[in-house]
Amino acid sequence: MVMIGTSLLWVGWFGFNAGSNLEANGLAAQVFANTLLATAAAALTWTFAEWAWRGTPTMLGAASGAVAGLVAITPACGWVGPMGSIVIGLAAGVVCLLAVTRLKAALGYDDSLDVFGVHCVGGILGALLTAVFCAPSLGGTGVYDYVNDVVADYSISAQFISQLWGVGVTVLWSGIVSVIGYTVVNATIGLRVTEDEERQGLDTVCHGESAYT
């Protein structure tokens, strides 16, 4: 069921990335290919890294790696070349695996679905690596100068700083909004259920039905 859900998500993500171009042209094909390659690379990397570190590969790990690849390539999919997308996927598989195992254990936060480790960390990684592999020298598209109708001179360091600013503002904004939301929920209906209710299962306790039989 996890693999079925991941496969549906993977197919749907093509519409999310390539479909955002709003027309079927060369850019849409580039985005489609980058999305496919990065996701496959991340799934493989997570699988082999898990195999090396924990002694066995798992289907859940492969699925998590695929999602990490989808997240990481999204900010870069229209700007990088196929090889750049593969490198981004390879990096996402390893970095996100470390985030959901080592980082979560070190910080002790509660994230049963590993949303932070996969989506937040993977998104940050992809946004920052966009600055690197967008460079024409590395197969990227560069940034187009519409005034002079040419591809502008590209600086990886300058673009990296711009990406870093974007990531920082996003993290700060979402963090502040989340703290406000958590505070309101905790003061009204409570932020989480009791440990006993969590053991019984949220489908039974909160929704009055059984998710699995």
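The values are calculated or read from the model by the stated rules, or taken from the named source; none is laboratory data. Not measured: the values here are computed from a predicted model. Neighbour counts are summed over all protein chains in view; Cβ atoms, including those assigned to glycine, are modelled from backbone coordinates with ideal geometry. Ligands, DNA and RNA are excluded from the accessible area calculation, which covers all protein heavy atoms including side chains. Shrake-Rupley method; radii C 1.70, N 1.55, O 1.52, S 1.80 Å.
Suppose the chain between M3 and I180 were pulled fully straight at 0.36 nm per residue; how much longer would it get relative to their current alpha carbon spacing? Let's see the in-between values first.
Numbers: separation 177, 0.36 × 177 = 63.72 nm, distance 3.51 nm.
60.2 nm is the gain from fully extending M3 to I180.
Take the eigenvalues of the Cα gyration tensor for the range 127-213, scale each by 5, and report the square roots as semi-axes in whole Å, largest first.
Values: eigenvalues 462, 64, 24 Å².
Largest first, the range 127-213 gives 48, 18, 11 Å.
Top to bottom by accessible area (1.4 Å), largest first, where do M1, M59, M83 land?
Descending accessible area places them as M1, M83, M59.
Starting from the exponent 0.38 and prefactor 2.2 Å, build the expected Rg for the range 1-84 from its residue count and divide its actual Cα Rg by it.
Details: Rg = 13.5 Å, N = 84, 2.2 N^0.38 = 11.8 Å.
Against the empirical 2.2 N^0.38 Å value, I get 1.14 for the range 1-84.
Percent of accessible area on the chain owned by carbon and sulfur, 1.4 Å probe? Could you put the intermediate results ahead of the total?
On the way: 8770 of 12820 Å².
Exposed carbon and sulfur together represent 68 percent of the surface.
Largest first, what is the accessible-area ranking of V184, V167 with a 1.4 Å probe?
On the way: V184 85, V167 25 Å².
Final ranking, largest accessible area leading: V184, V167.
Tell me the label-point distance for the pair L138, A24, using the 7 Å Cα-to-Cβ offset, in nm and rounded to one decimal.
Result: 3.3 nm between the two label points.
Between L191 and F48, what is the label-to-label distance in nm when each label sits 7 Å out along the Cα-to-Cβ direction?
Roughly 4.1 nm, to one decimal.
What is the Å³ per residue value for the convex hull set by the Cα atoms of the range 31-164?
On the way: hull volume 14.3 nm³, N = 134.
Value for the range 31-164: 107 Å³ per residue.
Extending each Cα 7 Å along its Cβ direction at D203 and L172, get the distance between those two points in nm, one decimal.
Output for this residue pair reads 4.3 nm.
Per residue, how much accessible area does the chain show when a 1.4 Å probe rolls over the protein heavy atoms, in square angstrom?
With all protein chains present, the chain gives 60 Å² per residue.
To one decimal place, what Kirkwood hydrodynamic radius in Å is obtained for the range 59-124 from all pairs of distinct Cα atoms?
Details: mean 1/r = 0.0840 Å⁻¹.
One decimal place: 11.9 Å for the Kirkwood radius.
What whole number of Å gives the distance from the Cα centroid of the range 174-213 to the Cα centroid of the range 13-80?
That distance is 31 Å.
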